[in-house]
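Peer 1: One structure coming up, written as structure tokens, with questions to follow.
The values are calculated or read from the model by the stated rules, or taken from the named source; none is laboratory data. Keep in mind that what you see is a predicted model, and the values were worked out from it rather than measured. Neighbour counts run over all protein chains shown; Cβ positions are idealised from the backbone, glycine included. Side chains are part of the model used for accessible areas, which takes the heavy atoms of the whole protein and leaves out ligands, DNA and RNA. Shrake-Rupley method; radii C 1.70, N 1.55, O 1.52, S 1.80 Å.
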Amino acid sequence: MAEEKIDLKSAFASFKDEKHIDRPVMMGVLKDVFITQIAKTYGSADNFDVIINVDKGDCEIYQNLDVVEEVENPNTEISLDELKEMGEDDYEIGETFTRKVELKDFGRRGILNIRQNLQGRIMDIEKANLYNKYAEKVGELFTGEVYQTWSKEALILDEDRNELRLPKSEQIPGEHFKKNDTVRAIIKSVEMKNNTTPYIVLSRTSDEFLIKLFEQEVPEIYDGLITIKKVARIPGERAKVAVESYDDRIDPIGACIGVKGSRIIGIVRELRNENIDVLQWTTNTQLLIQRVLSPAKISSIDLNGEDGKIKVYMHPDEVKKGIGKGGCNIRLASMLVGREIEVWREDPQGDANADEEDVLLSEFDNEIDAWIIERLQAIGCDTAKSVLALSAADIAKRADLEDETVEEVMDILRAEFED
């Protein structure tokens, strides 16, 4: 029954070279598979010896039978008369007779079970090896080739043709990949779902990806002379990186940027032209806020605002710079400092050039809901004219308000200055 032969020698070569399953593990699996089938065929495998011969590429199975006068269990016993019929005259009752079991003795169904069981066990080992391989690499940089893209994710292959996923939510907004593109990302997570192939997730939007890019481009960070203390990032738009040097002779900001921007330019390109601000870390919260909101100039800072919020007061001309386009700068500053920061215009009473006819938004609490006023104040608009100075679309986007709500508010404020 040549078609029923299992070519173990070729299988071992395949396991070692392609599937990365070492010989001891594979021998254990093969032995276990055969013992399982023996138990299924004969009722028990206790009186069987299984010998895996890797060099010859075969498996030898021996059944040990007790020599008895009358057989009660043919799977564990053999009669003295049967042995004599077989020409075995040297045995006596009480001794053990060992005979070789051929693969064909399992029958076609048994051989099929062995193959299927072996295939299943190999797949389980491959899954476990793949899971362990990438579980140990979570947080590391990965470079692979795009194999296929869909609307919700891209399929990336590693050098062994293993599949990794880059979900749309982990891609930088606006970037598109096509087949055969080379992609760099960080290994974000590895999951086993319902015993399927490990689901390996990549990310290009995580803070860790930006940190790893800095480590790759800036030797001083890789060597530990400069430490990235904190990162705040809005993928595709802007990021702020706070760094600290352990060597007074090293300028951490200059080292990260490089001569004429030679180091940071590679990171910016990798992140699809995401703007990156590098600033020097400090444990002094007020000083950190000043640095993180630069280039805007701060008049004063109140660290004891309501609900743990930090109030930053600026001259009206500085507010726009402090908040940034679409509120990006103030959001990043809050993320980096670890507390919500609100930008307020300086008290008009303390500004000799302030418009005395302007009215604080808080004066409109009977006509405008308090939560709307708070949203407007959070983007630096604390007076009626500061709101009217902006476009309705800009306010709606920055304060996260409906267009209709903004129009109603602006109508109320305009009415205040009409004759």
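Peer 1: Specify whether the C-alpha gyration tensor of the stretch 147-258 places it in the rounded, prolate or oblate class, a ≥ b ≥ c being the square roots of the eigenvalues: rounded for a/c under 1.5, otherwise prolate if a/b is larger than b/c and oblate if not.
Peer 2: Because a/c hits 1.5 or more and a/b exceeds b/c, the stretch 147-258 counts as prolate.
Peer 1: Further question: P(r) of the stretch 365-410 in 10 Å steps, Cα pairs, percent per bin?
Peer 2: Whole-percent P(r) values from 0 Å outward: 29, 67, 4.
Peer 1: Here is a further query. At q = 0.12, 0.14, 0.21, 0.22 Å⁻¹, what log₁₀ I(q)/I(0) does the stretch 78-221 have when each alpha carbon counts as one equal point scatterer in the Debye sum?
Peer 2: Relative scattering, expressed as log10 I(q)/I(0), comes to -0.64, -0.78, -1.24, -1.31.
Peer 1: Another question, if that's okay. Which percent of the accessible heavy-atom area of the stretch 293-419 goes to carbon and sulfur, probe 1.4 angstrom?
Peer 2: 42
Peer 1: Let me ask something else. Output the 0 to 90 degree angle, nearest 10, between the alpha-carbon long axis of helix 207-217 and the longest principal axis computed from the alpha carbons of the chain.
Peer 2: Approximately 90 degrees, to the nearest 10.
Peer 1: Now a separate question. Heavy atoms only, probe 1.4 Å: what % of the accessible area of the stretch 165-272 goes to carbon and sulfur, would you let me know?
Peer 2: Carbon and sulfur atoms account for 48 percent of the accessible area of the stretch 165-272.
Peer 1: Rolling a 1.4 angstrom probe over the protein heavy atoms, how many square angstrom per residue are accessible across the chain?
Peer 2: I get 57 Å² per residue for the chain.
Peer 1: Sorted by average packing, counted as other Cβ atoms within 10 angstrom per residue and highest first, what order do 397-406, 224-233 take?
Peer 2: My ranking of the peptides, most packed first, is 224-233, 397-406.
Peer 1: Set the Förster distance to 35 Å, then compute FRET efficiency between residue 374 and residue 137 from the Cβ-Cβ distance, nearest 0.05.
Peer 2: Taking R0 as 35 Å, the efficiency between residue 374 and residue 137 is 0.20.
Peer 1: What Rg and what Dmax come out for the chain when only alpha-carbon atoms are used, in angstroms?
Peer 2: So, for the chain, Rg and Dmax equal 36.5, 128 Å respectively.
Peer 1: What order, most packed first, do the peptides 157-163, 378-384, 131-137, 237-243 have when packing is the mean number of other Cβ atoms within 10 Å of each residue?
Peer 2: Going from most to least packed, we get 378-384, 237-243, 131-137, 157-163.
Peer 1: What length, rounded to one decimal in nm, is gained on full extension from residue 180 through to residue 412, with 0.36 nm per residue of separation minus their alpha-carbon distance?
Peer 2: 77.8 nm
Peer 1: A further question on this structure: Counting other Cβ atoms within 10 Å of each Cβ, which chymotrypsin sites (Phe, Trp or Tyr not before Pro) in the stretch 198-268 have at most 10 and sit in a DSSP loop?
Peer 2: Nothing satisfies the criteria.
Peer 1: Subtracting the Cα-Cα distance from 0.36 nm times the residue separation, let me have the gained length for residue 145 to residue 35 in nm, one decimal.
Peer 2: Contour length minus Cα-Cα distance gives 35.4 nm.
Peer 1: Would you work out if the stretch 286-419 is rounded, prolate or oblate? Take a ≥ b ≥ c from the square roots of the eigenvalues of the alpha-carbon gyration tensor; rounded if a/c is under 1.5, else prolate when a/b is larger than b/c, oblate otherwise.
Peer 2: prolate
Peer 1: Let me ask something additional. Calculate, axis by axis, the spread of Cα positions in the stretch 252-318 along the three principal axes, and write the results as whole Å, longest axis first.
Peer 2: 42, 27, 21
Peer 1: Same structure, new question: Based on alpha-carbon centroids, what's the gap between the stretch 234-253 and the stretch 118-139 in Å, whole number please?
Peer 2: 38
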